[in-house]
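Worksheet: the structure to be examined is printed underneath.
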Amino acid sequence: MKKLILLSITTILLCFSIACYGIEKRGTPKFKVIAFFTAKNDAAHISFVHEANRWFTSIAGKYNFTYDSTNNWNNLNAGFLGNYHVVIFLDTRPDSIIQRDAFRKYMENGGAWIGFHFAAFALTPSDYPQNWDWYHNQFLGSGEYKGNTWRPTKAILRVENHNYPATRNLPETFISSPNEWYSWKNDLRKNPDIQILLSIDSTSFPLGTGPKLYEIWHSGYYPVVWTNKKFRMLYVNMGHNDIDYENKTNRELSFTFGNEYQDKLVINALLWLGSEGKKRKLGES
């Protein structure tokens, strides 16, 4: 009888130990993410930044990663970046040479990056001129901004490559959240370093409602998600919520997240980039 009781106690303690080990393992974040943002001027971009910060925070526990965000671009330095496995640009891009050099070194040393919508914008002359050739022409490959649709509308997106981790298990086509879609001066199809992952399907046309005629696309090839094969990165053109500008209420009329397949794309990419980044020793940037 004593042996039976002892065996039962041992079994209970063993199960308790295994359970605690599982809790400890789940409680240890798999990787760390830092998002940079500006969130000024354009209400649509501000709306997206706030939505993104809420959304990434909400999924961090479920997928077991740490999510931080900052609007201090001076944190774009080697010491700070060394604490993180994935960097996200929610809007804009760094402007100072010191910040830009730190980001380039981080990426060239194996860092990971996801950029949304306005993070790729550059137009000369404008408040965001194309004065960073490495970023716009080499890293992103897109060059300057060329044009956009208006107003923000849903599009049918076609998956161009199912072999990239971000696009696995996505359907051939799916309907996006409403967005302002960008076009670019460089033809990404001609760049051997660029792998286009999603583009606007021709069944989306006409895309946009105007009122200006050139804001409505009737034909053409428009990549919206791509990666540069020399880096661990993903650019996502989505990230512009619809806002009630006309009535001057600035009320949010649409959101970017909450779309099954679009969310899956971002989550797939983040988990892959984060797990790969975990193999890279923090502090190497």
* Structure fact -> Taking first residues from the stretch 173-193 that are farther than 20 Å from L265 by Cα and second residues anywhere that are β-branched (V, I, T) and in a loop (DSSP other than H, G, I, E, B), the pairs with Cβ under 9 Å that are 6 or more apart or on different chains are S183/T149
* Asked: Checking P192 against (1) open to solvent by 10 Å² or more (accessible area, probe 1.4 Å); (2) in contact with an Asp or Glu (Cβ under 6 Å, 6 or more places away or on another chain); (3) assigned to a loop (DSSP other than H, G, I, E, B); (4) closer than 27 Å to F103 by Cα, which test does it fail?
  -> (2)
* Is it the case that Y214 is aromatic (F, W, Y), modelled with pLDDT of 95 or more and not in a strand (DSSP E or B)? -> yes
* Which of the residues spanning the stretch 223-273 are open to solvent by 50 Å² or more (accessible area, probe 1.4 Å), among the hydroxyl-bearing types (S, T, Y) and touching a residue at least 60 places away in the same chain (Cβ under 8 Å)? -> Y245, Y261
* Of (1) farther than 18 Å from A35 by Cα; (2) in contact with a strand residue (DSSP E or B) (Cβ under 9 Å, 6 or more places away or on another chain); (3) open to solvent by 40 Å² or more (accessible area, probe 1.4 Å), L197 satisfies all except one. Which? -> (3)
* Could you list, in sequence order, the residues of the stretch 254-285 that are at pLDDT 95 or above and part of a loop (DSSP other than H, G, I, E, B)? -> S254, F255, T256, F257, G258, N259
* Top-ranked residue of the stretch 34-64 - restricted to ones that are among the aromatic types (F, W, Y) and open to solvent by less than 10 Å² (accessible area, probe 1.4 Å), ranked as nearest to G274 (Cα to Cα) -> F56
* Residue satisfying condition, being touching a helix residue (DSSP H, G or I) at 6+ places or on another chain (Cβ under 6 Å), open to solvent by less than 30 Å² (accessible area, probe 1.4 Å), under 27 Å from G208 (Cβ atoms) and part of a helix (DSSP H, G or I), within set A166, A119 -> A166
* Go through (1) modelled with pLDDT under 95; (2) open to solvent by 80 Å² or more (accessible area, probe 1.4 Å); (3) over 16 Å from Y84 (Cβ atoms) one by one and return the number of the condition K30 breaks. => (3)
* To do: For the stretch 97-110, indicate whether the set of residues that are out of contact with any Asp or Glu (no Cβ under 9 Å at 6 or more places or on another chain), open to solvent by less than 50 Å² (accessible area, probe 1.4 Å), more than 24 Å from K229 (Cβ to Cβ) and in a loop (DSSP other than H, G, I, E, B) is non-empty.
  => no
* Of the criteria (1) modelled with pLDDT under 95; (2) under 17 Å from the mean Cα position of the chain (by Cα), which one Y21 fails -> (2)
* Asked: Residues of the stretch 217-241 being assigned to a loop (DSSP other than H, G, I, E, B) and over 16 Å from the mean Cα position of the chain (by Cα), which ones?
  -> H218, S219, G220, Y221, Y222, K229, K230
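The values are calculated or read from the model by the stated rules, or taken from the named source; none is laboratory data. Everything quoted here is computed from the prediction, not taken from an experiment. So basically every Cβ, Gly included, is an ideal-geometry build from the backbone, and we count neighbours across all protein chains shown. The protein model used for the area step is the full one, side chains on, heavy atoms only, and it has no ligands, DNA or RNA in it. Shrake-Rupley method; radii C 1.70, N 1.55, O 1.52, S 1.80 Å.
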